[in-house]
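Just so it is clear, none of the values below were taken in a lab; they were calculated from the coordinates. Predicted model only: the values in this text are computed from it and were never measured. Note that each Cβ is placed from the backbone with ideal geometry, even for glycine, and that neighbours are counted across all protein chains shown.
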């Protein structure tokens, strides 16, 4: 592998001999490394504290501060930073001590720049692995706060599959309009998340969005809940009370499971959509209805219309803009990212030191078709995290113990290939999200991630990302 592949690595060189320092700096720079040289180790340590470093190359015997003290302090600053020792006194006992105390490599002077080049590249590969662990830990830190916000929960519906990209495009297309939207899809596919995304992208985002589950409200109470009532309108109506339409004025009402809405109410909902008016129970004068209606169903409304279980006119009014949420089995390429997202979320919530999911556990998760869709995946991962009794990666046995006892016959036994998710994609999305939430301010994004500003700039450059204050 060429040194240029590690050009984003920060290499600090410390040697109290000026000639050696200049010679090594020149040679390693010509080989493509970004070298920051120091003759005084205490100045080098102070610089590392403020800017971070990936690899430190240090002489052992220096009058101000010897190499072993440098190693100790570097590891206190950043345990993942690697140190290579160079010395003119290469006794075997010194080499053994250096490696025992955590040095990555040891060279006796004189040596060739190409030998040191190979050592830097070898050490850099270990450093890259450490970075991967660090980014996963940073994701957990991010989940502890922002991830649990409403915006964070909405992000769970997103994915990189063609099916979800289509859903995202449809959300953008319908958000600005004031028309009704019908969201179809199986239970657990994220219909309410889509409704939330539409509301948040619409001009009504600063007003309430209320959810009314049509399947959970008794028919005799439905009209009062939806439209409100006047005092004395029926037994138990001891005071005048507004309904969902008044409470959501200027905003959005999400009618979940609208296929279960009582037929008697459907005509009144149609009036809200067409006339923008409604009549509270016991009132004689209609009121203005300034709400947008978004509905969702896991049923075949067209079939229910044919069976006279759902009003045809209401169906056509709701179906002006239709979005279908695909089942998880139709977008399994999104499963690894969703599973990782949930694992880190629940690890943060429960305080578990789980940093991700290993390949075998992913294979177990992939060998199931999820009739309960994303909600079922979420429940499986949550249960796996809760019952996990070890640190590190979630293992196959952790996941298998939480899977349903019967694998559906529609399974097919497909095994998810790890090549379908790359660490670089996870890292890129982490930094993009941090910059977005920090409004492209690198310093604020670095604080959010818990890393130094210099370290974040280096990673942004490596991933070809640019913040507005970097321009």
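With neighbours defined as other Cβ atoms within 10 Å of a residue's Cβ, the residues 81, 325 order from fewest to most as 81, 325.
With Cα atoms as the point set, the radius of gyration and Dmax of region 314-406 evaluate to 15.7, 54 Å. Computed over region 214-372, the alpha-carbon pair-distance distribution with 10 angstrom bins reads 9, 28, 23, 18, 16, 6, 0, each value a whole percent. With contacts taken as Cα pairs under 8 Å and at least 6 residues apart, region 162-325 reaches a relative contact order of 34 percent. Could you work out the per residue convex hull volume over the alpha carbons of region 201-241, in cubic angstrom? In region 201-241, the Cα convex hull volume per residue is 93 Å³. Here the simple spin-label model places points 7 Å from the Cα toward Cβ, and for residue 163 and residue 390 these points are separated by 3.3 nm. FRET efficiency for the residue 80 to residue 108 pair, using the beta carbon distance and R₀ = 30 Å, is estimated at 0.70.
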